[in-house]
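Trainee: Following this message is one structure expressed as structure tokens.
Rule-based calculations on the coordinates, nothing more; no lab input. Quick caveat, the model's predicted, so the values are computed rather than measured. Because the Cβ atoms are built from the backbone with ideal geometry, glycine has one as well, and the counts that use them run over all protein chains shown.
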Amino acid sequence: MRAEGVLVVGSGNIVHNLSHFQFHNPAPADWAQRADSEIRARIMSGDGAALIAWQALGTDVVLGIPTPEHYLPLLYVLGLWQPDDKLYVFNDSVISAISMTSFLLSQDLQN
């Protein structure tokens with residue numbers, strides 16, 4: 001039997017503040033690392049309510065998400081998360097004021 005599935009991609013960034021991006025200094029900004037860690041922790045714990053109300057997660061997160069168009073695709077994909085899905089984190093890095101931390105939701109399709 002052949003397993004079939006659906007691929008859903010949400011392209012964006014957790015932290016995306018170009019007005020604070022330092023092109024000549026790619027070292028992660030402290031606030032950007034804290035914002036990325038806060039959002040990642042909420043994702044890993046399944047705290048969807050906090051992810052939706054991200055403006056209440058503190059000044060680091062608000063600074064990291066000055067406008068939501070780069071953040072919202074993450075919420076659409078997480079909305080598909082089922083209890084049996086596995087969550088993987090990859091591309092886990094912050095460069096200056098941008099985080100490209102990525103997540104993969106996967107089901108075991110070997111039935």
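Trainee: Using a Förster distance of 22 Å, how high is the FRET efficiency between N91 and A41, based on the Cβ-Cβ distance and rounded to 0.05?
Mentor: Values: r = 17 Å, r/R0 = 0.78.
Efficiency at R0 = 22 Å is approximately 0.80.
Trainee: Testing the spin-label approximation: label points 7 Å from Cα along Cα→Cβ at V62 and A49. State their distance in nm.
Mentor: 2.1
Trainee: Size of the dipole of the range 26-106 about the Cα centre, Lys and Arg at +1 and Asp and Glu at -1 on the beta carbon, nothing else charged, in debye to 20? Show your work: numbers first, answer last.
Mentor: Working: 4 positive and 9 negative charges, 3 e Å.
Charge dipole, the range 26-106, about its Cα centre: 20 debye, nearest 20.
Trainee: Gaussian network model of the chain, Cα springs within a sub-10 Å range: biggest mean-square fluctuation belongs to which of Q22, Q33, Q82?
Mentor: Of Q22, Q33, Q82, the most mobile in the Gaussian network model is Q82.
Trainee: So what does the Cα-only Debye profile of the range 26-106 read at q = 0.13, 0.21, 0.26 Å⁻¹, as log10 I(q)/I(0), no solvent term?
Mentor: So the normalised log intensities work out to -0.38, -0.99, -1.46.
Trainee: Which whole-number percent gives the relative contact order of the chain, counting Cα pairs below 8 Å spaced six or more residues apart?
Mentor: Numbers: 166 pairs, mean separation 46.0, N = 111.
Relative contact order comes out at 41 percent.
Trainee: Using only Cα atoms and rounding to the nearest 10 degrees, what angle (0 to 90) does helix 30-44 make with the longest principal axis of the chain?
Mentor: Once rounded, the angle reads 20 degrees.
Trainee: Skipping prolines and chain starts, which residues have an amide H placed within reach, meaning under 5 Å, of the one on N13, given they are 5 or more residues away or on another chain?
Mentor: The answer is Y71.
Trainee: Using θ = phi - 60° and the Karplus form 6.51 cos²θ - 1.76 cosθ + 1.60, what ³J(HN,Hα) does each residue of the range 46-60 get, whole Hz, x for Gly and Pro?
Mentor: With the stated coefficients, the range 46-60 comes to x, 7, x, 4, 5, 5, 5, 9, 4, 5, 8, 8, x, 5, 4 Hz.
Trainee: Could I ask something else about it? List residues of the range 46-71, by number, whose backbone nitrogen lies under 20 Å from a label position 7 Å along Cα→C-beta of L18.
Mentor: 62-71
Trainee: Amide H to amide H, which residues 5 or more places from I95 or on other chains are under 5 Å from it, using H placed in the peptide plane?
Mentor: M100
Trainee: Oh, and also: Okay, helix-only estimate at 222 nm for the chain: each DSSP H run of n ≥ 4 adds -39500 (n - 2.57), divide by all residues, round to 500 deg cm²/dmol; what do you get? Could the numbers behind the result be given before it?
Mentor: Working: 4 runs with 33 residues, N = 111.
Value at 222 nm, helices only: -8000 deg cm²/dmol.
Trainee: Now a separate question. Once phi is turned into ³J(HN,Hα) by the Karplus curve 6.51 cos²θ - 1.76 cosθ + 1.60 with θ = phi - 60°, what whole-Hz value does each residue of the range 63-79 show in order, with x for glycine and proline?
Mentor: Calculated HN-Hα couplings, in order: 5, x, 10, x, 9, x, 5, 8, 9, 4, x, 4, 5, 4, 5, 5, x Hz.
Trainee: Gaussian network model of the chain, Cα springs within a sub-10 Å range: biggest mean-square fluctuation belongs to which of V89, V15, V62?
Mentor: So, out of V89, V15, V62, the one fluctuating most is V89.
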